[in-house]
1. For residues that are under 18 Å from ILE79 (Cα atoms) and either in contact with a Leu (Cβ under 9 Å, 6 or more places away or on another chain) or outside the structural domain of LEU6 (by TED's automatic domain parsing) (or both), tally how many sit in the range 165-181.
2. Anything in the range 171-181 that is within 16 Å of the ligand (Cβ to nearest atom) and out of contact with any His (no Cβ under 8 Å at 6 or more places or on another chain)? List them, or say none.
3. For the structure I just gave you, tell me whether TYR235 is under 28 Å from TYR127 (Cα atoms), out of contact with any Gly (no Cβ under 7 Å at 6 or more places or on another chain) and modelled with pLDDT under 95.
4. Taking the condition of being buried (at least 20 other Cβ atoms within 10 Å of the Cβ) and touching a strand residue (DSSP E or B) at 6+ places or on another chain (Cβ under 6 Å), how many residues in the range 11-23 meet it?
5. Inspect the range 170-185 for any residue being under 27 Å from the mean Cα position of the chain (by Cα) and more than 21 Å from LEU6 (Cα to Cα) and give the result as yes or no.
6. Would you check if there is a residue in the range 266-278 being over 30 Å from PHE219 (Cα atoms) and touching a strand residue (DSSP E or B) at 6+ places or on another chain (Cβ under 6 Å)?
7. Restricting attention to the range 146-163, report how many residues are in a helix (DSSP H, G or I) and within 26 Å of the chain's Cα centre (by Cα).
8. State whether the residues of the range 259-273 include one that is basic (Lys, Arg), in the same structural domain as ALA42 (by TED's automatic domain parsing) and within 16 Å of the ligand (Cβ to nearest atom).
Amino acid sequence: MRFFHLSDLHIGKQLHHYNLREDQEYILGEVISYVKKLHPDAVVIAGDIYDKSVPSGEAVTVFDDFLTRLSETEPAVPILIISGNHDSARRLDYASRLLGSHHIYIAGKVPETEDEHLRKITLQDEYGNVHFWLLPFLKPGYVRGLCGGELPESYTDAVRTVLEREQIDPAERNVLVSHQFYTGKNTGTGETVTPETCDSEVLSVGGIDNVDITVLKDFDYAALGHLHGAQQVGYEHIRYCGTLLKYSVSESGQEKSLHMVELGDKGTPVRVEKLPLHPLRDVRKLRGELSAIINAAEPEHREDYVSVTLTDEIDPYKPKEQLEKVYSHILEVRMDNERTRQKLEFGEEELRMEDPVQMFSDFFREMQGRGMSEEETKFTEQVFDKAKGDAR
Ligand SMILES: [Mn+2]
């Protein structure tokens, strides 16, 4: 069995202030071409269909067109979809029963009560059944109802609770579709894996939302969404496919691709082929002196999204206007020369000379909307005194 693994379409997203509609339509068109050419047995979309929980009419139209064109392919390819943290579960679930009769299977909402279960779609190939388990994005609070009203202690516990209630037959092949932040350790090699993140993701600060990959032990493949860079987590068969497009300057160096997963008989290793994608406009970082950048600009890259860092020692006159003669989609123009570096260093010096208690008190006021009490000030002073003492 072969299926396409996609995630994080973020339809409706803007890059800086540019509307990406054309770029998104174009790349979804390339996905459809691949479907027509390679006839996968399913298309799996692992969450974050839309960029916002209330998508614009334009965004809904783009996705609607994509689904319609996919469902018109011959033979009709089953489409399996879960919600991500950017999607509204209920909105995505709208008309999902009706769509099921068109081979479009959507799971927006996680099971919340004892009688609710994960949506399971079973497809067949020459080796038998393949069960796709659709696990929508969840936070521990969503599944209180499955834990007797108690809040699960962690994201790992929450996901484990949901999976352990299902009858997963380990003798058959099982694929999990999930949109969470998975981390963990390959027990074979002992290697601990912290996935690489980038600027276009919205993750919780401090990593409290991580789910340990041990919960995935029963699955032959985990089709993951959430992280925007393609990567495996500890094992070949636990994988983020990443976005189809670069959604931040931090992704300019990444290769985006469409993942085609090949499942053989139970127990044989999964094969993943990365099909190259050709965006309408690339996202690129440029660095150098203004005149050099302008001279090196090629007409076929004119429409690329560019982040420019200028290194001229003398600040050029209106650099953005000059760059606009050769680039039509400028994301940002930064300066990096002796002057800006000195300013940065000087800035640090200035900061270091300020009284840390005063700085913290300013910060406190900004966060709490009031000044610190006498007791709080005293306590803060003690903490800094102790820190200074420890530093010595
Ligand atoms: Mn995302």
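The values are calculated or read from the model by the stated rules, or taken from the named source; none is laboratory data. Since this is a predicted model, take the numbers as computed values, not measurements. Backbone-built Cβ (ideal geometry, glycine too); neighbour counts: all protein chains shown.
1. Of the residues in that region, 5 qualify.
2. Of all residues in the range 171-181, those within 16 Å of the ligand (Cβ to nearest atom) come to 177-181.
Result: VAL177, SER178.
3. Details: under 28 Å from TYR127 (Cα atoms): yes; out of contact with any Gly (no Cβ under 7 Å at 6 or more places or on another chain): yes; modelled with pLDDT under 95: yes.
Yes, satisfied.
4. Filtering the range 11-23 down to residues buried (at least 20 other Cβ atoms within 10 Å of the Cβ) leaves 11-13, 20, 23.
From what's left, touching a strand residue (DSSP E or B) at 6+ places or on another chain (Cβ under 6 Å): 11-12.
Adding up the residues that qualify gives 2.
5. Checked against the condition, which is being under 27 Å from the mean Cα position of the chain (by Cα) and more than 21 Å from LEU6 (Cα to Cα), the range 170-185 yields at least one hit.
6. No, the range 266-278 has no match at all.
7. Applying the first criterion (in a helix (DSSP H, G or I)) to the range 146-163 yields 146, 155-163.
After this cut, where a residue has to be within 26 Å of the chain's Cα centre (by Cα) as well, the list is 155-163.
The number of residues fulfilling the criteria is 9.
8. The answer is no; no qualifying residue exists.
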